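Reading through the structure tokens given below for one structure.
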Amino acid sequence: MSDPFAQAAFLLQAGGELQSMLVPIALMVAIFYFLLIRPQSKERKAQAAMRSSLKKGDKILTQGGVVAVIGQVKETEVVLDLENTARMRVVREAVVRVIESKDGGEAKEDK
């Protein structure tokens with residue numbers, strides 16, 4: 001049989017090592033949050049706000065590289081006028097950015 005006091009001392013020492021390992025892990029979680037998770041969340045919110053504010057006449061760029069003017073805005077999609085020769089329907093999520101707003105202003109670049 002071992003000494004109960006020696007066992008208690010070992011358990012206290014092991015608990016201290018566990019606490020000293022938690023500090024770097026918590027620090028790494030905080031770094032990941034501020035460098036990766038938070039900026040992605042802000043970008044997603046900005047994209048959602050841009051897509052919800054689309055209006056007829058805006059010149060936009062799609063994920064496929066198509067530059068067009070919005071002819072009609074629906075709930076989940078937009079109808080694009082391509083050089084006044086053709087029309088194309090795309091979902092709102094395919095819109096990457098607004099190049100020129102209907103109000104005549106250039107869209108600002110977020111970089």
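Computed from the coordinates by the stated procedures, all read-outs in this text should not be read as laboratory data. From a predicted model like this one, the values you see are computed outputs, not experimental measurements. Positions of Cβ are backbone-derived with ideal geometry, glycine not excepted, and every protein chain shown enters the neighbour counts.
Quick look at the numbers
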| item | result |
| --- | --- |
| So Leu36, is it in a helix (DSSP H, G or I) and not charged (D, E, K, R) | yes |
| Among residues of segment 43-64, those that are part of a helix (DSSP H, G or I) and surrounded by fewer than 10 Cβ atoms within 10 Å (Cβ to Cβ), counted | 2 |
| So Val98, is it without any contact (Cβ under 8 Å) to a residue 12 or more places away in the chain and either part of a strand (DSSP E or B) or exposed (fewer than 11 other Cβ atoms within 10 Å of the Cβ) (or both) | no |
